[in-house]
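Quick notes on the structure that follows.
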Amino acid sequence: MVEQITAMLGLLGVLSLLCQWIGWKLRLPAILPLLLCGLIIGPGFGFLKPDEIFGDLLFPIISLGVAVILFEGALTLNFKEIKDHGRMVTNLVSIGTLITWACIGVATHLLLGFSWEMAMLFGALVVVTGPTVIVPMLRSIKPKSELASILRWEGIVIDPIGALLAVLVFEYIAVVADPTAHVLHALGYMLGVGLGVGAASGFFVGYILRNNLLPHYLKNTAVLTIMLGVFVASNLAQEESGLLTVTVMGIFLANMRDVDISDIIEFKETLTVLLISALFILLAARLDSDALLSLGWEGIAVLGVVMFIARPLSVWCCGMRTSLSRADKWFLSWMAPRGIVAAAVSSLFAIKLESLGVEGAGLIVPLVFLIIIGTVVIQSLTAGPWARFLEVNAGKAQGLLIFGAASFSRELAKVLKSKNVTVTLADNNWDNIRLARMDNLPVYFGNPTSEHAANFLDMKGIGRLLVISPYRQLNPLVSFHYQDLFGSNKVYGLTHNEEASARHRLSESYQKSLCLFGESVTYAKLASLMAKGALIKSTNITENFSFKDFRERYGECAMPLIYLEEGKVKIFTASDSELNSGIELISLLPVESQELAKAQDEKIEKERTLVAEQATLANEDSELNGPEESKIISKEM
């Protein structure tokens, strides 16, 4: 039995990785291949039977997994950030959540005959969308930047809010189902333990992080261990209070001042990807196909309420007094796929409620999976045509993501911003980010390939990457990551200008991208020129002032960088030699170019002065000699 459990855990890890890769390769939400995999090896062929294989270990495995998922989601709920993303996001995660919850709860009670408690629990479980399903769909649909931002932030923020709502409803049902408990006393004690222990433990962990009481290499492990310990201790103090405790703990920690949790979030995200994937396969394998079919047309009707009544009503109510058009609201009304969090939390609740003998608990999981399957599959297939019909697709993204925020990148970004070009600087160096913020430039502090960046890096209007950083080991990873996202012809890097041995030579596809600004332009060269006083300047190339004239004025050492042509942003690369007229050229002018241009200006100014002096002398001579003499002089001339 031990060998069988070990083999199944290993198999779940391999299948999880494979499904995530398939989702990434096909640009689909990973939930689809995960769901299909679980159904095939579970109800399909009966190869994986979680209840038989894991037995009494199944509930602890799911409990600890859900605790990590809820804690990681709660860490992203910063109340200050909600207001920063507009009224529509704030409305959707507050008023919209209540409207969706009420609509789904009432429909479930009326159509399927669920008790009010179970109906409201189901409604709370499926109010969440989640970034794991929204982000892949947005990448393939590419709606307008404003709509993409609304949907992305709604998915991020509503995850912990919906989970907290579902936990509170579950706690109430668990207390009411226990005939030995006094409802108000038990519920009050449960809320007291959950809220009190969660806030205290959040403050405790925040105090440790703020005062650097742990070495850096222990921080992530310590936070995870403390969280799991608090979860178990809370459950021992008051049964079923652990999930509420870790959710409150994460929210409290996310909103503490002067506590940097970015590394912890990144670590938890890496862990959560594997954990969620394995859990979802496990939960899909437990799905009872007979129970799913027993939902019948009533279950389909609930799905219809979720998609055609609850979501549109929520969007249109929340969209009042906003700048969104009718087309924008109709698009948002069709985009609300449910994710893995709903499946994981519902499965855990169902196991516990079934043990308490709560009527209807066995139908919660099949109904949740029906909503997940319906929303993800239907909306994934139809959202693209729907966006095109409504004409809410974004145009060709002209904005630039610049990896590296040193002096050259900041000056380039300032010029681009003045030309209304969308630009964002990303860097791991806090000093560079701080200086960019002082210049009022959009920035992202951290690794732009991380899961955190996938959720928080604002990519609206951005379609190309410029790698202008000194991080020789990280640059290829960033390039390959965004080649998959933008395409290989949309990622540019600076050449190294070094001959590496065969064993250290980088791939040919990466070498081809190292053409930014010319064959011999390296990061060291740009940094050196900026340190010596080089300037980045914009010049109009016209028929009267051609690119040849530009070269004559500034010399061959002037470095073309980017040019704007008919509203399009084009990057100057090693393959470019001549530029047409009718463009606006942004170039780097070394000190030599500035001096050459200054010398030419001084020469022209001297010539103008000389001509003006000669004209003045001629006028003076004319006045002194009189008109008759000037006529004679003019005849003689």
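The values are calculated or read from the model by the stated rules, or taken from the named source; none is laboratory data. If you're wondering where the values come from, they're calculated on a predicted model, not measured in any experiment. Note that each Cβ is placed from the backbone with ideal geometry, even for glycine, and that neighbours are counted across all protein chains shown. When the accessible area is computed, the model is the full protein with side chains, heavy atoms only, and any ligands, DNA or RNA have been set aside. Shrake-Rupley method; radii C 1.70, N 1.55, O 1.52, S 1.80 Å.
What about Y510, is it open to solvent by 30 Å² or more (accessible area, probe 1.4 Å), among the aromatic types (F, W, Y) and either part of a strand (DSSP E or B) or modelled with pLDDT under 85 (or both)? Spell out the reasoning first.
On the way: open to solvent by 30 Å² or more (accessible area, probe 1.4 Å): no; among the aromatic types (F, W, Y): yes; either part of a strand (DSSP E or B) or modelled with pLDDT under 85 (or both): yes.
Judged against the criteria, Y510 is not a match.
Scanning region 453-478 for residues that are within 21 Å of T573 (Cβ to Cβ) and not in a loop (DSSP other than H, G, I, E, B) yields a count of 9.
On the given criteria, is A387 in contact with a Pro (Cβ under 9 Å, 6 or more places away or on another chain), open to solvent by 10 Å² or more (accessible area, probe 1.4 Å) and within 30 Å of I340 (Cβ to Cβ)?
Details: in contact with a Pro (Cβ under 9 Å, 6 or more places away or on another chain): yes; open to solvent by 10 Å² or more (accessible area, probe 1.4 Å): no; within 30 Å of I340 (Cβ to Cβ): yes.
So A387 fails the test.
Candidates are the residues of region 120-133 that are assigned to a helix (DSSP H, G or I) and at pLDDT below 80; the one that is most open to solvent (accessible area, probe 1.4 Å) is T132.
Determine if region 362-377 includes at least one residue that is surrounded by fewer than 19 Cβ atoms within 10 Å (Cβ to Cβ), at pLDDT 80 or above and touching a strand residue (DSSP E or B) at 6+ places or on another chain (Cβ under 7 Å). No, region 362-377 has no match at all. For I161, the stated conditions hold: it is open to solvent by 30 Å² or more (accessible area, probe 1.4 Å), modelled with pLDDT under 85 and closer than 18 Å to R311 by Cβ.
One line per residue, one yes/no per condition, for (1) under 14 Å from F408 (Cβ atoms); (2) in a strand (DSSP E or B):
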residue: V521; (1), (2): yes, no
residue: A524; (1), (2): yes, no
residue: S528; (1), (2): yes, no
residue: E543; (1), (2): no, no
residue: R553; (1), (2): no, no
residue: C557; (1), (2): no, no
residue: I562; (1), (2): yes, yes
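For K537, all conditions in the list (1) of a type outside the set (F, W, Y); (2) over 34 Å from the mean Cα position of the chain (by Cα); (3) under 20 Å from I571 (Cβ atoms); (4) not in a helix (DSSP H, G or I) hold save one; what is the number of the exception? So K537 meets the others, but not (2).
No other residue among V223, V176 is open to solvent by less than 70 Å² (accessible area, probe 1.4 Å), in a helix (DSSP H, G or I) and at pLDDT 80 or above apart from V223. Evaluation of L218 against the conditions (1) at pLDDT 75 or above; (2) open to solvent by less than 70 Å² (accessible area, probe 1.4 Å); (3) within 26 Å of G339 (Cα to Cα) shows that the sole unmet condition is (3).
Does W316 meet the test of being hydrophobic (A, V, I, L, M, F, W, C), open to solvent by 30 Å² or more (accessible area, probe 1.4 Å) and either within 20 Å of E154 (Cα to Cα) or part of a loop (DSSP other than H, G, I, E, B) (or both)? Spelling it out, W316 is indeed hydrophobic (A, V, I, L, M, F, W, C), open to solvent by 30 Å² or more (accessible area, probe 1.4 Å) and either within 20 Å of E154 (Cα to Cα) or part of a loop (DSSP other than H, G, I, E, B) (or both).
Quick one: which helices (runs of 4 or more DSSP H) lie wholly within region 1-77 and hold at least 3 residues that are within 21 Å of the chain's Cα centre (by Cα) and under 24 Å from E154 (Cβ atoms)? First the steps, then the outcome.
Values: elements: 2-26, 31-39, 50-54, 58-74.
Correct list: 2-26, 58-74.
If we scan region 319-332, do we find a residue that is part of a helix (DSSP H, G or I), surrounded by fewer than 20 Cβ atoms within 10 Å (Cβ to Cβ) and of a type in the set (D, E)? No - not one qualifying residue is present in region 319-332. G357 meets the conditions (1) in contact with a strand residue (DSSP E or B) (Cβ under 8 Å, 6 or more places away or on another chain); (2) open to solvent by 40 Å² or more (accessible area, probe 1.4 Å) in every case but one. The failed one is (1).
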